[in-house]
Amino acid sequence: MRRKLAAGNWKMNGLAASLSELDALTTAHADPKVDILICPPAPLISAAVVQAADHPLAIGGQDCHSAASGAHTGDISADMLRDAGASHVIVGHSERRTDHGETDDDVRAKTRAALEAGLIAVLCIGETLEEREAANTLEIIAGQLAGSVPDLVTAENLVIAYEPVWAIGTGKVPTLNQIGEVHDFIRTKLIQRFGDGVGNSMRILYGGSVKGSNAADIFAVSNVDGALVGGASLKAEDFSPIVSALESA
Ligand code: PGA
(Lines give C-alpha, C1' and ligand atoms only; values in the text may rest on other atoms or scores of the structure.)
Protein backbone atom coordinates (compact mmCIF):
# COMPACT_ATOMS: atom_id res chain seq x y z
CA MET A 1 0.00 0.00 0.00
CA ARG A 2 2.92 2.39 0.58
CA ARG A 3 4.68 3.08 -2.69
CA LYS A 4 8.35 2.38 -2.20
CA LEU A 5 10.99 5.04 -2.84
CA ALA A 6 14.63 4.71 -3.85
CA ALA A 7 16.22 8.12 -3.29
CA GLY A 8 19.75 9.16 -4.20
CA ASN A 9 21.54 12.09 -2.59
CA TRP A 10 24.56 13.13 -4.63
CA LYS A 11 25.64 15.62 -1.93
CA MET A 12 28.41 17.94 -3.22
CA ASN A 13 29.39 15.57 -6.02
CA GLY A 14 28.81 15.75 -9.72
CA LEU A 15 29.38 18.02 -12.70
CA ALA A 16 27.36 18.28 -15.91
CA ALA A 17 29.07 15.16 -17.24
CA SER A 18 27.61 13.16 -14.34
CA LEU A 19 24.13 13.58 -15.78
CA SER A 20 24.88 10.69 -18.15
CA GLU A 21 24.35 8.50 -15.06
CA LEU A 22 20.67 9.48 -15.21
CA ASP A 23 20.40 8.09 -18.74
CA ALA A 24 21.94 4.82 -17.61
CA LEU A 25 19.52 4.69 -14.67
CA THR A 26 16.38 5.43 -16.69
CA THR A 27 17.42 2.96 -19.36
CA ALA A 28 17.96 0.23 -16.77
CA HIS A 29 14.58 1.00 -15.15
CA ALA A 30 12.42 2.04 -18.08
CA ASP A 31 9.18 1.14 -16.31
CA PRO A 32 10.01 1.22 -12.59
CA LYS A 33 7.74 -0.43 -10.04
CA VAL A 34 8.98 1.96 -7.34
CA ASP A 35 9.47 5.72 -7.14
CA ILE A 36 13.00 6.82 -7.98
CA LEU A 37 14.40 10.17 -6.88
CA ILE A 38 17.81 11.73 -7.52
CA CYS A 39 18.90 14.86 -5.66
CA PRO A 40 21.86 16.30 -7.55
CA PRO A 41 23.70 19.49 -6.56
CA ALA A 42 21.53 22.56 -7.17
CA PRO A 43 23.34 23.77 -10.33
CA LEU A 44 22.43 20.49 -12.05
CA ILE A 45 18.74 20.39 -11.16
CA SER A 46 17.34 22.09 -14.27
CA ALA A 47 19.44 20.02 -16.63
CA ALA A 48 18.58 16.84 -14.73
CA VAL A 49 14.87 17.63 -15.03
CA VAL A 50 15.22 18.09 -18.80
CA GLN A 51 17.24 14.90 -19.09
CA ALA A 52 14.65 12.86 -17.15
CA ALA A 53 11.67 14.43 -18.90
CA ASP A 54 10.52 11.21 -20.60
CA HIS A 55 10.82 9.08 -17.46
CA PRO A 56 9.08 9.02 -14.07
CA LEU A 57 12.46 9.70 -12.42
CA ALA A 58 11.95 12.54 -9.91
CA ILE A 59 14.56 15.23 -9.29
CA GLY A 60 15.00 16.96 -5.96
CA GLY A 61 17.06 19.50 -4.05
CA GLN A 62 19.26 18.73 -1.05
CA ASP A 63 18.21 21.67 1.14
CA CYS A 64 16.10 24.84 1.01
CA HIS A 65 15.82 28.05 2.98
CA SER A 66 12.83 28.55 5.25
CA ALA A 67 11.97 31.93 3.69
CA ALA A 68 10.31 32.34 0.30
CA SER A 69 12.81 34.99 -0.84
CA GLY A 70 15.02 37.72 0.56
CA ALA A 71 18.50 38.82 1.51
CA HIS A 72 20.09 35.40 2.10
CA THR A 73 23.19 35.26 -0.06
CA GLY A 74 23.94 31.80 -1.36
CA ASP A 75 20.70 30.24 -0.17
CA ILE A 76 18.00 28.64 -2.30
CA SER A 77 14.27 28.85 -1.64
CA ALA A 78 11.81 26.03 -2.04
CA ASP A 79 10.04 28.04 -4.76
CA MET A 80 13.30 28.24 -6.70
CA LEU A 81 13.71 24.46 -6.53
CA ARG A 82 10.13 24.01 -7.72
CA ASP A 83 10.69 26.56 -10.47
CA ALA A 84 13.75 24.60 -11.61
CA GLY A 85 11.55 21.52 -11.94
CA ALA A 86 12.33 19.75 -8.66
CA SER A 87 9.50 17.81 -7.03
CA HIS A 88 11.26 16.90 -3.77
CA VAL A 89 13.75 18.36 -1.32
CA ILE A 90 15.82 16.74 1.42
CA VAL A 91 15.60 18.64 4.72
CA GLY A 92 17.44 18.14 7.99
CA HIS A 93 20.20 15.92 6.65
CA SER A 94 22.71 15.29 9.43
CA GLU A 95 25.43 16.99 7.36
CA ARG A 96 23.27 20.15 7.35
CA ARG A 97 22.55 19.76 11.05
CA THR A 98 26.29 19.37 11.78
CA ASP A 99 27.99 21.58 9.16
CA HIS A 100 25.43 24.39 9.33
CA GLY A 101 24.13 24.04 12.88
CA GLU A 102 20.57 23.38 11.77
CA THR A 103 18.23 22.76 14.69
CA ASP A 104 14.90 20.95 14.78
CA ASP A 105 13.22 24.37 14.65
CA ASP A 106 15.14 25.24 11.49
CA VAL A 107 14.26 21.91 9.92
CA ARG A 108 10.58 22.35 10.77
CA ALA A 109 10.57 25.82 9.18
CA LYS A 110 12.32 24.50 6.06
CA THR A 111 9.87 21.62 5.83
CA ARG A 112 6.96 24.02 6.06
CA ALA A 113 8.49 26.16 3.30
CA ALA A 114 8.97 23.08 1.13
CA LEU A 115 5.37 21.96 1.54
CA GLU A 116 4.06 25.48 0.86
CA ALA A 117 6.04 25.49 -2.39
CA GLY A 118 4.43 22.19 -3.37
CA LEU A 119 7.52 20.07 -2.85
CA ILE A 120 7.64 16.68 -1.17
CA ALA A 121 10.00 16.90 1.81
CA VAL A 122 12.34 14.03 2.68
CA LEU A 123 13.04 14.78 6.32
CA CYS A 124 16.10 13.17 7.90
CA ILE A 125 16.48 12.16 11.53
CA GLY A 126 18.98 9.92 13.27
CA GLU A 127 21.16 9.45 16.32
CA THR A 128 24.91 9.86 16.69
CA LEU A 129 27.12 6.97 17.82
CA GLU A 130 27.44 8.56 21.25
CA GLU A 131 23.67 8.73 21.58
CA ARG A 132 23.26 5.10 20.51
CA GLU A 133 25.94 3.90 22.90
CA ALA A 134 24.22 5.78 25.72
CA ALA A 135 21.00 3.91 24.79
CA ASN A 136 19.31 7.21 23.90
CA THR A 137 18.38 6.37 20.32
CA LEU A 138 14.60 6.23 20.68
CA GLU A 139 14.52 9.32 22.84
CA ILE A 140 16.55 11.25 20.23
CA ILE A 141 14.31 10.00 17.42
CA ALA A 142 11.17 10.97 19.33
CA GLY A 143 12.60 14.44 20.00
CA GLN A 144 13.60 14.99 16.37
CA LEU A 145 10.20 13.83 15.12
CA ALA A 146 8.37 16.09 17.55
CA GLY A 147 10.64 19.06 16.83
CA SER A 148 11.29 18.78 13.08
CA VAL A 149 7.97 17.61 11.66
CA PRO A 150 5.38 20.37 11.26
CA ASP A 151 1.72 19.71 12.05
CA LEU A 152 0.17 20.05 8.63
CA VAL A 153 1.78 17.16 6.80
CA THR A 154 0.25 14.40 4.74
CA ALA A 155 1.47 10.98 3.68
CA GLU A 156 1.88 12.44 0.19
CA ASN A 157 4.02 15.46 1.01
CA LEU A 158 6.33 14.09 3.68
CA VAL A 159 8.76 11.18 3.74
CA ILE A 160 10.79 10.37 6.85
CA ALA A 161 14.37 9.15 6.41
CA TYR A 162 15.96 7.39 9.37
CA GLU A 163 19.70 7.85 9.01
CA PRO A 164 21.91 6.91 11.95
CA VAL A 165 24.68 9.53 11.75
CA TRP A 166 27.35 6.91 12.44
CA ALA A 167 26.21 4.82 9.47
CA ILE A 168 26.46 7.62 6.89
CA GLY A 169 29.42 7.18 4.57
CA THR A 170 31.16 4.84 7.00
CA GLY A 171 30.27 1.41 5.67
CA LYS A 172 28.82 0.62 9.11
CA VAL A 173 25.21 -0.47 9.11
CA PRO A 174 22.98 -1.14 12.12
CA THR A 175 21.77 -4.69 12.57
CA LEU A 176 18.46 -5.50 10.92
CA ASN A 177 16.92 -5.68 14.40
CA GLN A 178 18.20 -2.21 15.21
CA ILE A 179 16.77 -0.82 11.96
CA GLY A 180 13.46 -2.57 12.59
CA GLU A 181 13.24 -1.27 16.13
CA VAL A 182 13.64 2.34 15.06
CA HIS A 183 11.35 2.07 12.02
CA ASP A 184 8.60 0.45 14.10
CA PHE A 185 9.05 3.17 16.71
CA ILE A 186 8.78 5.92 14.07
CA ARG A 187 5.63 4.27 12.68
CA THR A 188 4.06 4.21 16.15
CA LYS A 189 4.94 7.87 16.74
CA LEU A 190 3.49 8.90 13.37
CA ILE A 191 0.24 7.04 14.11
CA GLN A 192 0.02 8.60 17.59
CA ARG A 193 0.44 12.08 16.19
CA PHE A 194 -1.32 11.95 12.82
CA GLY A 195 -3.77 9.09 13.24
CA ASP A 196 -4.01 5.70 11.54
CA GLY A 197 -4.59 6.98 8.01
CA VAL A 198 -1.66 9.34 7.65
CA GLY A 199 0.54 7.51 10.15
CA ASN A 200 0.26 4.20 8.34
CA SER A 201 0.63 5.68 4.86
CA MET A 202 3.69 7.87 5.37
CA ARG A 203 6.86 6.37 3.97
CA ILE A 204 9.90 5.74 6.16
CA LEU A 205 13.24 5.32 4.38
CA TYR A 206 16.43 3.89 5.84
CA GLY A 207 19.71 5.66 5.00
CA GLY A 208 23.35 5.02 5.85
CA SER A 209 25.78 2.87 3.83
CA VAL A 210 23.07 1.20 1.75
CA LYS A 211 24.56 -0.68 -1.20
CA GLY A 212 23.58 -3.38 -3.63
CA SER A 213 24.94 -6.08 -1.35
CA ASN A 214 22.88 -5.17 1.75
CA ALA A 215 19.80 -3.57 0.18
CA ALA A 216 17.59 -6.67 -0.09
CA ASP A 217 18.09 -7.55 3.60
CA ILE A 218 17.33 -3.99 4.70
CA PHE A 219 14.23 -3.79 2.47
CA ALA A 220 12.86 -6.95 4.08
CA VAL A 221 12.71 -5.21 7.48
CA SER A 222 9.23 -4.13 8.58
CA ASN A 223 8.35 -0.48 8.00
CA VAL A 224 11.31 0.09 5.68
CA ASP A 225 9.72 1.66 2.59
CA GLY A 226 12.90 2.37 0.69
CA ALA A 227 16.28 4.00 1.07
CA LEU A 228 18.07 7.31 0.99
CA VAL A 229 21.41 6.53 -0.60
CA GLY A 230 24.52 8.72 -0.73
CA GLY A 231 27.73 7.23 -2.11
CA ALA A 232 26.07 4.35 -3.94
CA SER A 233 23.72 6.70 -5.81
CA LEU A 234 26.46 8.47 -7.78
CA LYS A 235 26.89 5.74 -10.36
CA ALA A 236 23.98 4.06 -12.07
CA GLU A 237 25.79 0.73 -11.89
CA ASP A 238 25.78 1.00 -8.07
CA PHE A 239 22.32 2.52 -7.64
CA SER A 240 20.50 0.28 -10.10
CA PRO A 241 20.91 -2.93 -8.02
CA ILE A 242 19.42 -1.03 -5.05
CA VAL A 243 16.42 0.00 -7.15
CA SER A 244 16.04 -3.59 -8.35
CA ALA A 245 16.21 -4.93 -4.78
CA LEU A 246 13.46 -2.51 -3.79
CA GLU A 247 11.34 -3.55 -6.77
CA SER A 248 11.50 -7.16 -5.68
CA ALA A 249 11.05 -6.46 -1.95
P1 PGA B 1 25.73 7.00 2.37
O2 PGA B 1 24.95 8.37 2.70
O3 PGA B 1 24.79 6.14 1.59
O4 PGA B 1 26.92 7.45 1.56
O5 PGA B 1 26.10 6.40 3.69
C6 PGA B 1 23.60 8.33 3.06
C7 PGA B 1 23.06 9.70 3.22
O8 PGA B 1 23.76 10.59 3.74
O9 PGA B 1 21.90 9.96 2.83
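Roughly how many Å² is the accessible area per residue of the chain, as a whole number, for a 1.4 Å probe?
Accessible area per residue, the chain: 44 Å².
Full extension from K235 to E130: what is 0.36 nm times the residue separation minus their Cα-Cα distance, to one decimal in nm?
Net length gain for the segment: 34.6 nm.
Determine the sum of side-chain charges near Q51: Lys and Arg each +1, Asp and Glu each -1, restricted to other residues whose C-beta is under 11 angstrom from that of Q51. Mind dumping the intermediate values first?
On the way: positive: none; negative: E21, D23, D54.
Around Q51, the charge tally is -3.
Count charges around V34 for me, please; just the other residues with Cβ under 10 Å from its Cβ, Lys/Arg as +1, Asp/Glu as -1.
Working: positive: R3, K4, K33; negative: D35, D225, E247.
So the environment of V34 carries a net charge of 0.
Please report how many Lys pairs in the chain have alpha carbons closer than 14 angstrom, counting only residues at least 8 apart along the chain or sitting on separate chains.
The result is 4.
Going by a ≥ b ≥ c, the root eigenvalues of the Cα gyration tensor, does region 119-249 fall in the rounded group (a/c under 1.5), the prolate group (a/b larger than b/c) or the oblate group? Write down the numbers at each step before the final one.
On the way: a/c = 1.77, a/b = 1.27, b/c = 1.39.
It comes out oblate by the Cα gyration axes.
Local charge sum around H100 (other residues, Cβ-Cβ under 12 Å, Lys/Arg +1, Asp/Glu -1)?
-3
How about region 153-204: which trypsin sites (Lys or Arg not before Pro) there are in a DSSP loop, with at most 12 other Cβ atoms within 10 Å of their Cβ?
Counting only loop positions with at most 12 other Cβ atoms within 10 Å, the trypsin sites (Lys or Arg not before Pro) in region 153-204 are K172.
Please work out whether the chain counts as rounded, prolate or oblate from its C-alpha gyration tensor, where a ≥ b ≥ c are the square roots of the eigenvalues and a/c under 1.5 means rounded, while otherwise a/b larger than b/c means prolate and anything else oblate?
rounded
Taking the Cα centre of each part, how many Å lie between region 106-136 and region 150-208?
That distance is 10 Å.
Rounded to the nearest percent, how much of the accessible area of the chain (1.4 Å probe, protein heavy atoms only) is carbon and sulfur?
The C+S portion of the solvent-accessible surface of the chain is 52 percent.
Which of the GluC sites (Glu not before Pro) found in region 153-241 are loop residues per DSSP with 15 or fewer other Cβ atoms within 10 Å of their Cβ?
E156
Using 7 Å Cα-to-Cβ label points, what is the D217/D151 separation (nm, one decimal)?
4.3
Measuring from label point to label point, each 7 Å out along Cα→Cβ, what is the M1 to L176 span in nm?
Taking the simple label geometry, M1 and L176 are separated by 2.4 nm.
The values are calculated or read from the model by the stated rules, or taken from the named source; none is laboratory data. Small disclaimer: the values here were computed from a predicted structure and weren't measured. Counting neighbours? That spans all protein chains shown, and the Cβs are built from the backbone with ideal geometry, glycine included. The area values use the complete protein model at the heavy-atom level, side chains included, leaving out ligands, DNA and RNA. Shrake-Rupley method; radii C 1.70, N 1.55, O 1.52, S 1.80 Å.
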